[in-house]
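Inspection log for the structure reproduced underneath, given as structure tokens.
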Ligand SMILES: C[S@@+](CC[C@H](N)C(=O)[O-])C[C@H]1O[C@@H](n2cnc3c(N)ncnc32)[C@H](O)[C@@H]1O
């Protein structure tokens, strides 16, 4: 599973870019124009691409410099010293395992296994299996990654569960899907989940299948039985090696930070979301805690399917369909893709117009920016039902109204932008704070009348 930006297969961070914008604005309005252009092209702070694409991409990479599958060395291969008083792992039976084996288990803090990362001697090239069977009170987690990633693994947080507001059901043509049990209002959280399996991108892209597959199989055996069962119950769309297929069908690309930070994360509960090009649910994996959170972006009625977008929703129908087919192997017949030909033509034209208008607004040198253009952008998003990607548009509209010297509408859209940013990227997103500041004091904001005064 993967989700794409509107124009680039790289990892980017919109908050980071907005911060650049803000400081750049103070220094040079011309510089701002350039950064605006690139920033407003993005629809999502977290850029995801499918394992399937990665596997296809692997063919382009030069044959691996990796070592062969290594027999267990006499001592642990990875830098276990980094974790101080890490126990040997002899007592790693989890609360779940004990429950599963029928023994009564009082789930108190004392009886739960400690949550610590342990190295194993199973490695391929620089990538080793690391396990944490005590993670999240015995739910467990496993990673195939490099030793320098260990401090980042230790920062991963257990999710705080939310009451289930959906059930799983067969959806014609899609396999299982998530169906709302109740009315859900915009902003309602549907799922929170920590990764079950975390795999370094380099492992999937450079280690040959003959070495990769045994290590993947081995990694899964380190999950406590209930989580292992949940992992193996996931859909595999492509066939072939079971674990690799599950990862190719159900992984989110995640950036743990730094040059070595690119990983794929698997979340067995989240894996049941089907795709829709106009989804009613947005997702994010925020911060070093790596908790995956999904939030409803428009009101949902009981019985409605909950869906996320695997793709860049701003691309044309043709392009979206190609990508769905290439990366996940299905013909996209979502509500937007199955419109009639005339409606599709109008939809594609609106998407093209969104790109053009955002280009104009993002170029500080451009003329013709007025309230009518800003109203047009908002209407285009509404007509296209881009509820899951509206935060960037509202942010741009709020800043633009302020640059035009309209404090009332700058405040209105800054508030809308802040709400949308929180829904799409979480309350900790930098843009949420930036929009709060704009809403509180538009005339003191450095964008005030910036277009009028030129
Ligand atoms: C992450 S899984 C989603 C859950 C899956 N339906 C299941 O039964 O577990 C992704 C797979 O679901 C199917 N799928 C998801 N969205 C779909 C859609 N809009 N149309 C058809 N198939 C879809 C495809 O087979 C895709 O490879």
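Residue 195 is checked against (1) part of a loop (DSSP other than H, G, I, E, B); (2) buried (at least 16 other Cβ atoms within 10 Å of the Cβ); (3) in contact with a helix residue (DSSP H, G or I) (Cβ under 7 Å, 6 or more places away or on another chain) and fails just one. What number does that condition carry?
Against the list (1) part of a loop (DSSP other than H, G, I, E, B); (2) buried (at least 16 other Cβ atoms within 10 Å of the Cβ); (3) in contact with a helix residue (DSSP H, G or I) (Cβ under 7 Å, 6 or more places away or on another chain), residue 195 comes up short only on (3).
Quick test for you: out of 236, 202, pick the one residue that is within 20 Å of residue 327 (Cα to Cα) and without any contact (Cβ under 8 Å) to a residue 60 or more places away in the chain.
236
Give all pairs with beta carbons closer than 6 Å in which a residue from the stretch 253-276 that is farther than 11 Å from residue 149 by Cβ and in contact (Cβ under 8 Å) with a residue 12 or more places away in the chain meets a residue that is more than 16 Å from the ligand (Cβ to nearest atom) and in a loop (DSSP other than H, G, I, E, B); count only pairs at least 6 apart in sequence or on separate chains.
Listed by first residue and then by second, the contacts come to 255/11; 255/261.
Just to verify a result, which residue in the stretch 391-412, among those that are without any contact (Cβ under 8 Å) to a residue 60 or more places away in the chain and under 25 Å from residue 300 (Cβ atoms), is surrounded by the most Cβ atoms within 10 Å (Cβ to Cβ)?
It comes out as 391.
Which helices (runs of 4 or more DSSP H) does the stretch 206-263 wholly contain that include 1 or more residues that are in the same structural domain as residue 286 (by TED's automatic domain parsing) and under 19 Å from the mean Cα position of the chain (by Cα)?
Correct list: 225-232, 242-250.
For the stretch 143-192, how many residues are in a strand (DSSP E or B) and either within 21 Å of the chain's Cα centre (by Cα) or within 16 Å of the ligand (Cβ to nearest atom) (or both)?
19
Hey, among the residues in the stretch 198-233 that are under 22 Å from residue 306 (Cβ atoms) and surrounded by fewer than 20 Cβ atoms within 10 Å (Cβ to Cβ), which one's nearest to the ligand (Cβ to nearest atom)?
233
Limited to the stretch 422-439, what total is found for residues that are assigned to a loop (DSSP other than H, G, I, E, B) and either surrounded by fewer than 18 Cβ atoms within 10 Å (Cβ to Cβ) or outside the structural domain of residue 393 (by TED's automatic domain parsing) (or both)?
Selection size over the stretch 422-439: 2.
The values are calculated or read from the model by the stated rules, or taken from the named source; none is laboratory data. Owing to the predicted nature of the structure, the values given are computational and were not obtained by experimental measurement. No Cβ is skipped: glycine too gets one built from the backbone with ideal geometry, and neighbour counts run over all protein chains shown.
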